[in-house]
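Notes follow the structure.
The values are calculated or read from the model by the stated rules, or taken from the named source; none is laboratory data. What you see is a predicted model, and the numbers here were worked out from it, not measured in a lab. A quick note on method: Cβ atoms are made from the backbone with ideal geometry, for glycine too, and the neighbour counts reach across all protein chains shown. Surface areas here come from the heavy atoms of the whole protein model, side chains and all, with no ligands, DNA or RNA. Shrake-Rupley method; radii C 1.70, N 1.55, O 1.52, S 1.80 Å.
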Amino acid sequence: MGKLPKTFQTALVLSLVSGCFASTSTVSAATGTTFTKTSYQTTDALNLRSSNSTSSKKLLTIPKTTNVTSNYRKGSWYKLSYKGKTGYVTGSYLKKIESGTSFTKTSYKTTDALSLRSAATTSSNRLLTIPKGTGVQSSFKSGNWYKVTYANKTGYVSGSYLKKVAAPAKTTVYTTTDRLNFRSSPSTSGKVLTTIPSGTAVSSLAVKSNWHTVQYQGKTGYVMGTYLKKGASVPASTTGNVDYSGSKMYVLISSGNSVALRANTSTLSGQIARLGRGPLSSSRIRGIKRKASSPSGQQVVKAVMSMRRI
């Protein structure tokens, strides 16, 4: 090869030097990381800047809880577009929006010792291990990964080791208004298991076509809703020593008849007086008081003084 002219040699050197600088500039511009487009939400009002630096020009402020997307990052700065402006925001105020499905909060039990991980992948950081047989709840899943909280740590567990726990059945209390056949099936042709007395409280688990699925004496069967009244019945009688003074009470006495007022709760106790229909006069009450000398008799009189017969 012959010797090149001096002017051509100079031009060639300049061209090579220029190419080197151009190559260096391209490498410098590509120091960031490109990743799959991901959705984020701002956790505070966030400045969108012209470059990845707090000293760069502020283009605008993105409001708190705004959803944005990014697929490029330089250090902790994320490149994104908002309202026609493209720039960088610091990742310190970005929260990744999880992709998955929300559902009604459901209870589960672990079927084996289960790793709680920081993300929905086996390659993510293991936060702790949940023991076998532990109850957990979830309302969000990503694929087969369920988001749960355990021991104040929130993360993801594999659904392969979760068993759904059935929610306890909701019951409603009813009272029978008549003797009621307790049947094996919701039909008048169903076998009568027993007869439930009037005024008995039963628990209804479900109702369909006026037939209630109820629990009675440890068994589950069916009764017609026609003879059920919602709510528990008031006990017909109360045992123990009760002071009824000050209460309005009634005794039903048939016309022409009377009832015996006794000193104690026994037909063998002494009779203080016989009470007929109508209110007691003052003289009548004084006479009863004189006869009721025992403490139990005085207790009865105390109750009678607040009674009105019909």
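Observations on the model:
- Filtered by the rule that a residue be among the polar types (S, T, N, Q) and open to solvent by 70 Å² or more (accessible area, probe 1.4 Å), segment 87-113 gives 92, 99, 101, 102, 104.
- Residue match in segment 114-121 (condition: open to solvent by 40 Å² or more (accessible area, probe 1.4 Å) and in a strand (DSSP E or B)): yes
- Residue 83, sole failed condition from (1) on the phi > 0 side of the Ramachandran plot; (2) basic (Lys, Arg); (3) open to solvent by less than 70 Å² (accessible area, probe 1.4 Å): (3)
- The single condition among (1) modelled with pLDDT of 90 or more; (2) within 29 Å of the chain's Cα centre (by Cα) that residue 173 does not meet is (1).
The rows are residues; the columns are (1) part of a strand (DSSP E or B); (2) closer than 13 Å to residue 172 by Cα; (3) out of contact with any Phe, Trp or Tyr (no Cβ under 6 Å at 6 or more places or on another chain); (4) open to solvent by 30 Å² or more (accessible area, probe 1.4 Å).
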| position | (1), (2), (3), (4) |
| --- | --- |
| 193 | yes, no, no, yes |
| 199 | no, no, yes, yes |
| 202 | yes, yes, no, no |
| 206 | yes, yes, yes, yes |
| 212 | yes, yes, yes, no |
| 215 | yes, yes, yes, yes |
| 229 | yes, yes, yes, yes |
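- Per the listing 99, 124, 107, 138, the residue uniquely farther than 20 Å from residue 43 by Cβ, among the small types (Gly, Ala, Ser) and outside any strand (DSSP E or B) is 124.
- Of all residues in segment 81-105, those that are more than 39 Å from the chain's Cα centre (by Cα) and without any contact (Cβ under 8 Å) to a residue 40 or more places away in the chain total 6.
- Positions within segment 128-162 being open to solvent by less than 60 Å² (accessible area, probe 1.4 Å) and in contact with a Gly (Cβ under 8 Å, 6 or more places away or on another chain), in sequence order: 140, 142, 145, 146, 148
- The listed residue being more than 25 Å from the chain's Cα centre (by Cα) and without any contact (Cβ under 8 Å) to a residue 40 or more places away in the chain, out of 155, 199, 133: 199
- Qualifying residues in segment 45-77 (those that are charged (D, E, K, R) and touching a residue at least 24 places away in the same chain (Cβ under 8 Å)) - the one surrounded by the fewest Cβ atoms within 10 Å (Cβ to Cβ): 74
- Index of the failed condition, residue 48 passing every other in (1) within 39 Å of the chain's Cα centre (by Cα); (2) at pLDDT 95 or above; (3) of a type in the set (A, V, I, L, M): (1)
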